[in-house]
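Let me begin by presenting the structure, written as structure tokens, before commenting on it.
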Amino acid sequence: KAGVTQTPRYLIKTRGQQVTLSCSPISGHRSVSWYQQTPGQGLQFLFEYFSETQRNKGNFPGRFSGRQFSNSRSEMNVSTLELGDSALYLCASSLVGGDTQYFGPGTRLTVL
Amino acid sequence: AQSVTQPDIHITVSEGASLELRCNYSYGATPYLFWYVQSPGQGLQLLLKYFSGDTLVQGIKGFEAEFKRSQSSFNLRKPSVHWSDAAEYFCAVGAEYTGNQFYFGTGTSLTVIP
């Protein structure tokens, strides 16, 4: 089976712009979660989608949003980018919630 | 509150030596426990997991971990380290009722000396 894929792998944006990241889960997996990884804060949970519904949300501002499509693919959007949004954004998929999560390679976002 | 502590920020071992990475958790329920490894610029790869049953679990690449409920610990071990094991290691905790909201430790960076 193909693993979790994320596109694009690298992004450079400027402050104030918005960005959309994409994640394709492992075939058959219905749960997709997003994490932000930074050197200072480590890995922090953003949100989880299951069957097109947001099921859990971490402690991030409303500028961070996401959605899931009927084929379980997911996108996350960050609006009005700030310098502090520079991070590695990781997507993970699992069969169901609370199950083992398998991570993609991440999207490296740099905000200038 | 749920939390995961990895007390060792950085560990250096010689190739062939044994390794133990520590992980302590605080969780209000029976936890699911995981160890992941991350190479520079890469995503996280699952090494092993504990859901229930035998408290000593085997993983990939020769790693094992032991769940000790009394100590709230889930330490990762390897009897003989290889140079390719140099990476960042993360302990994570979750539970069925929290869905996929995993809590991660801050990671332990492993350097292997030839």
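Where a number appears in this text, it was derived from the coordinates with a stated rule and is not lab data. None of the values given here were measured: they were computed from a predicted structure. Cβ coordinates were reconstructed from backbone atoms using ideal geometry, including for glycine residues, and neighbour counts include every protein chain displayed.
Modelled label positions at A:THR5 and B:SER109, each set 7 Å beyond Cα in the direction of Cβ, lie 3.3 nm from each other. Annotation: amide H-H contacts under 5 Å for A:PHE47 (H modelled 1.01 Å from N, sequence separation of 5 or more, or interchain): A:TRP34, A:GLY58. Note on chain B: Cα-Cα pairs beyond 21 Å make up 31% of the total pair count.
Between the stretch B:54-114 and the stretch A:34-91, the alpha-carbon centres lie 24 Å apart. Close amide H pairs (under 5 Å, H built 1.01 Å from N) link B:ALA95 with B:TYR32, residues at least 5 positions away or on another chain. Here the dipole of the protein assembly as shown is about 460 debye; that uses its Cα centre as origin and unit charges on the Cβ of Lys and Arg (positive) and Asp and Glu (negative).
The charge dipole of chain A, taken about its Cα centre with unit charges on the Cβ of Lys, Arg, Asp and Glu (plus for the first two, minus for the last two), comes to roughly 160 debye. For the pair B:SER14 and A:GLU52, label points projected 7 Å from Cα toward Cβ lie 6.1 nm apart.
Could you calculate the FRET efficiency of A:GLN17 with B:SER39 from 1/(1 + (r/R0)^6), where r is the beta carbon distance between them and R0 is 30 Å, rounded to 0.05?
On the way: r = 30 Å, r/R0 = 1.00.
The computed FRET efficiency comes out at 0.50.
Using θ = phi - 60° in the Karplus curve 6.51 cos²θ - 1.76 cosθ + 1.60, the 3J(HN,Hα) couplings for the stretch B:10-26 round to 9, 10, 10, 10, 7, 4, x, 7, 7, 9, 9, 10, 8, 8, 10, 10, 10 Hz; x is entered for Gly and Pro. Peptide B:44-54 has a mean of 2 when you count, residue by residue, the C-beta atoms of other protein chains within 10 Å of its C-beta. With a 10 Å cut-off around each Cβ of A:50-61, the average count of Cβ atoms from other chains is 1. Expressed to the nearest 5 percent, the antiparallel share of DSSP beta bridges inside the stretch A:36-90 is 100 percent.
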